[in-house]
Structure formats: structure tokens, C-alpha cells
Amino acid sequence: MKKLELHWQIMIGMVLGLLFGFGMTYLDWGKEFVTNWVAPFGTIFIKLLKLIAVPLILASLIKGISDLKDISKFRNIGLRTIGIYVGTTTVAIILGLVLVNLIEPGVGISEETIEKLTSTFANDKGVTAKLEEASRQQDSGPLKFVEDMVPDNAVAALANNQLMLQVIFFTIFMGISMLLIGEDKARPLKNFFDSLNDVVLKMVDLIMLSAPFAVFALLANVVVSSSDPEILLALLKYAGVVVFGLFLMIVFYCILVWVFAKKNPFWFLKQLSPAQLLAFSTSSSAATLPVTMERVEEHIGVDKEVSSFVLPVGATVNMDGTSLYQGIAAVFIAQALSFELPLMAQLTIVFTALLASIGTAAVPGAGMVMLVIVLESVGFPPDKYAIGLALIFAVDRPLDMLRTVVNVTGDATVATIVAKSVGKLHDDPKADNWDDHYDEVK
């Protein structure tokens, strides 16, 4: 009997998790049971993925750079990557603004609904924490994100998953230095990182064996933790606009893959689907990064020289789904609270959301921190920030799950296009399995 493909296993786990979660909501002890006895398995899975994220970036990026014979190739890859990332993010923001202005989901929201949402969420710990974080980011200087990219302690940077840009900076610096000392002197260190890269990728294969069970736990916990269904219904139009925009971004990526990489879009999505499903389940492109790299390299055929740079950078600076959400959410809040947003203010949203996406933590809920920065840029009254976030907080988690899928798909799309442009996209990638060498050691 043919083994069921991984993406189908994960989808079955997701569906069963949703059904189980809904079933538990009808039992008085259901939520507590899921929280105490089911959710921890999902948390352990995310921790395992985060555990190997930094070693994978370190080993993969150094291997990719040290394999280059011509250092100018790295410059070409870097410039193309940043240029395409900026382009796709700009498209996402503009698309979001066009949709929200055409459909106007905030017009007609009743005062009663606004009051109910405000009383329910304005003082919520999640909202206040995001307001505090946004305030901290607003107080920093214009070049703060550049300053933050440079670590003053390499060990501290490697020990913190939220300092991904610092890890990338240190790793690139080390990789280029290895090239400049000559192949003979660099060979011992290169062999070490080559071996470390193989080991970490094998760890990805082993962790993915538990993926179907982990997404079952994650989705069940999301369901039992969801908000009042009546509140969700009131925000259905707003959520529908965001979901439609995210769907259009996936279509946009498929067109890019078809036109520039000459690949079948349906084949591309199929190969990437396990990473997309994990992005949906975890709401974190950083936690999904090891799986994204494995799928892009071993199943889509992107050379490690490209993927090892493009994907870690993308997980930090390329937030297309989140940026699209910024535009829609900002205008929706303005519409609901009768705050006028002229054309120049909306152009400001494009610029601010683009800058805010750079360096934002690739973790659940980071989009709402970015949203406060965007609202501040258009002169939204500070005393209404909490009300604005309260309006959308109820549906933020499910939308966060969906926009993380778009973020990850965008990263993979850019990696595929850049690889094609520099002749590093292979037609016959070979996928490793967890038990390839099992017979040698059993």
C-alpha cells in the first residue's frame, strides 16, 4: 500500500483537530482538557522547529556562501532578493487598499457592535501588550532597524530566535570571510558546517514525522480558545475582504512562478503545501522556516546557495500577507470610527507598512504591532488605538494563520524566481527521507 503523502497527512490532522476542538467546546470540561492534555503536543512541535531554526540558518547560509566560487554571485542574489521582496510587498499593500476602498467593510458597523468589541477587548492583555511594543518601536530612530541588524554578541544573537537578522548578518560576515582566506584554509570549517547542515536537515525530517499529530493539537487548541461566535459574525465582512486579498496574493505568486520560473503553479503549490499547512497551524513563518527550506531545496529544486539566503531573510523582512492586512485593517478601522483617510494618507500607509514589515518579528500577532505604527503615521488619534485594535482583535488569530501562509508562499516564490534568474533552479531535485541511512545503523 502506497504511503499517504505528507501534505494529506497534515490536512487530515487539521480537519480532525478542528472537529475535535469543536466537539470539546460543547463539554464543560472540554476546554480545560484540550489546554492541559492536547495543546502541549503542539507547543512541543513548535519548540522543536524553533530549536533547529538558528543552527539551520547558520549551517545552510555558510555552506551556500562558501560553495560560491565567485563572490559577485552573492551580491547579485542579494540585490535581486531585496528588489523582488520590496516589489511584492508593495503590490500586497496596494491590493489591500484597493479592496478595502471598493468593498468598504467598515461602513455600517453599528455603534452597539463597536461598544461590545471595545468593552470585550480594549483592556485585553494581548491588546495592551501590542500597544506597549508599538510604542517602544515608535520611539526608536529611523535607522534603528539597521542598527539592530548588527549584533554586539554573536552568542547572544544565536541564542535568541527573535534576533534572526543579527544571525543572518553574522553568518554572512563569517561566510564571506571564509571565502577571502582561501579554499585550503577554510576547508576544515567548511566541512564542519556541511556536516552540520546535513544533520539539521535530517532533524527536520524526523520532526516532520510528528507533524500530523502536532497540527491536530494546534488546531484543536485554536478552536477551544476562539472568541464569541456573535462577535466573529459581526466582523465577517472585514475578515472576508482580508481572506479574498490573501487569495489574490496566492494567485499573484502563481503567475510569477509560471512567467518567471517557468514552473507549473499547481505543482509548485503541491510541493510547498506541507510548509503552507504548518504556517497555517503555527502562525509563525520563523517556526516554519526549517520546513520551508527543506521543501524549497529538496522538492522544488532551489539550490542551497540561493535558498540559504533568500528564505531566512524573507522570514524576517518579507511580510506580504501581513502588509496586505495592514492596509485593509487600517482603512477598516478608519471607516468604522468615521475617521477620514484621504488619498495622501493612504499613500503614507503604503510607505509606512513597507518599512514596518522590515525587521518585524516573524511570530504570531506581530501584525497588530505593525498596525499601530501604520495608524500613527496617518494621524489616527492615539486615544483610539485601543478601540481600533479591539475592533479586529477577535478575528486576528485566524487571519494571522492565513496571512502567515501567504508570507511563507511569498518567500518560496521569490527564492524560486531568484534561483531561476541565476541558473540555480534544478529540474530533478532529490528529496531525502528520514530513514535513508537507517539500514546502516539499525
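With respect to ASP436, is the statement that it is within 23 Å of PRO290 (Cβ to Cβ), surrounded by fewer than 23 Cβ atoms within 10 Å (Cβ to Cβ) and without any contact (Cβ under 8 Å) to a residue 40 or more places away in the chain true? The answer is yes for ASP436.
If you filter region 407-432 down to residues that are polar (S, T, N, Q) and under 12 Å from GLY314 (Cα atoms), you find that the one that is nearest to the chain's Cα centre (by Cα) is ASN407.
Taking the condition within 25 Å of THR118 (Cα to Cα) and either part of a helix (DSSP H, G or I) or in contact with a strand residue (DSSP E or B) (Cβ under 6 Å, 6 or more places away or on another chain) (or both), does VAL331 pass? Here the answer is yes, as VAL331 does meet what is asked. Scanning region 61-84 for residues that are touching a residue at least 40 places away in the same chain (Cβ under 8 Å) and not in a helix (DSSP H, G or I) turns up ASP67, LEU68. Among the residues of region 161-187, those that are aliphatic (A, V, I, L, M) and under 22 Å from PHE145 (Cα atoms) comprise LEU163, MET164, LEU165, VAL167, ILE168, ILE172, MET174. Can you name every residue in region 269-304 that is touching a strand residue (DSSP E or B) at 6+ places or on another chain (Cβ under 7 Å) and surrounded by 24 or more Cβ atoms within 10 Å (Cβ to Cβ)? Result: VAL296, VAL302. In the condition set (1) within 30 Å of PRO188 (Cβ to Cβ); (2) surrounded by 12 or more Cβ atoms within 10 Å (Cβ to Cβ); (3) basic (Lys, Arg), ARG75 is compliant with all but (2). Only a single item in (1) within 18 Å of GLU298 (Cβ to Cβ); (2) of a type in the set (Gly, Ala, Ser); (3) surrounded by fewer than 24 Cβ atoms within 10 Å (Cβ to Cβ) is not met by ALA412, and it is number (3). With respect to VAL331, is the statement that it is modelled with pLDDT of 85 or more, crowded, with 24+ Cβ neighbours inside 10 Å and farther than 27 Å from ALA286 by Cα true? When the stated conditions are applied, VAL331 passes them. The residues listed here are THR404, THR352; of these, the one that is within 23 Å of the chain's Cα centre (by Cα) and modelled with pLDDT of 90 or more is THR404. Remark: pairs (first residue in region 252-267, surrounded by fewer than 20 Cβ atoms within 10 Å (Cβ to Cβ); second residue modelled with pLDDT of 95 or more and among the aromatic types (Phe, Trp, Tyr); Cβ separation under 9 Å; 6+ apart in sequence or on different chains) = CYS254/PHE266; CYS254/PHE268; TRP258/PHE268; ASN264/TRP258; PRO265/TYR253; PRO265/TRP258. Scanning region 374-390 for residues that are touching a helix residue (DSSP H, G or I) at 6+ places or on another chain (Cβ under 6 Å), farther than 27 Å from LEU269 by Cα, modelled with pLDDT under 85 and not in a helix (DSSP H, G or I) turns up nothing. Taking the condition outside any helix (DSSP H, G or I) and over 30 Å from PHE393 (Cβ atoms), does LYS202 pass? In short, no.
Taking the criterion of being at pLDDT 90 or above and either of a type outside the set (Gly, Ala, Ser) or assigned to a loop (DSSP other than H, G, I, E, B) (or both), the residues of region 314-328 that qualify are ASP320, LEU324, TYR325, ILE328.
The values are calculated or read from the model by the stated rules, or taken from the named source; none is laboratory data. Predicted, not measured: the structure shown is a model, and the values here were computed from it. Positions of Cβ are backbone-derived with ideal geometry, glycine not excepted, and every protein chain shown enters the neighbour counts.
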